[in-house]
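Taking it in order: structure first as C-alpha cells, then the write-up.
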C-alpha cells in the first residue's frame, strides 16, 4: 500500500496555512517563534482496506499555543481549525479522501506556566487512487 502519511501531512499544512493566515503553522517551530502558532503534531496511520479498495486511517493531532491572557485565543483558533478541516474534502496527492472528521479538543495551561495549549484531534480515511 502506498504510504499516505506524508501526503496527508502536506495537505493539512496547505489547508491550515491558507485558512489560518497570519497564524503560523509549523511541523517544528523555530526557536524565535511568536504566539499564537499551530503545530501539526503526532499522527498515527494504519491500514484501512475494504473488499474493493486499499486505504488508510489516520489519527491527526494539531496543537495550538497562545500567550494571550485566558483561553479565548486558543479556542478561537481551534474553531478555525475545526471549520477548515471537519468534513472537508482534503486534496491528498495519490489518494481520495473518504472522510475527515473532528474527534476531540482540549485546552490547558502549558508546562511553562504562562501559555495556553490547545490540542485538537481529527480522523481521516483515505483510499489509494
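The values are calculated or read from the model by the stated rules, or taken from the named source; none is laboratory data. What you are looking at is a predicted structure, and each value in this text was computed from that prediction instead of being measured. Virtual Cβ from ideal backbone geometry, glycine too; neighbours counted across all protein chains shown.
Structure data summary
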quantity	calculated
Flag for residue 72 being more than 15 Å from residue 123 (Cβ to Cβ) and surrounded by fewer than 12 Cβ atoms within 10 Å (Cβ to Cβ)	no
Looking only at region 27-52, and only at residues there that are more than 19 Å from residue 90 (Cβ to Cβ) and at pLDDT 95 or above, the one that is surrounded by the fewest Cβ atoms within 10 Å (Cβ to Cβ)	37
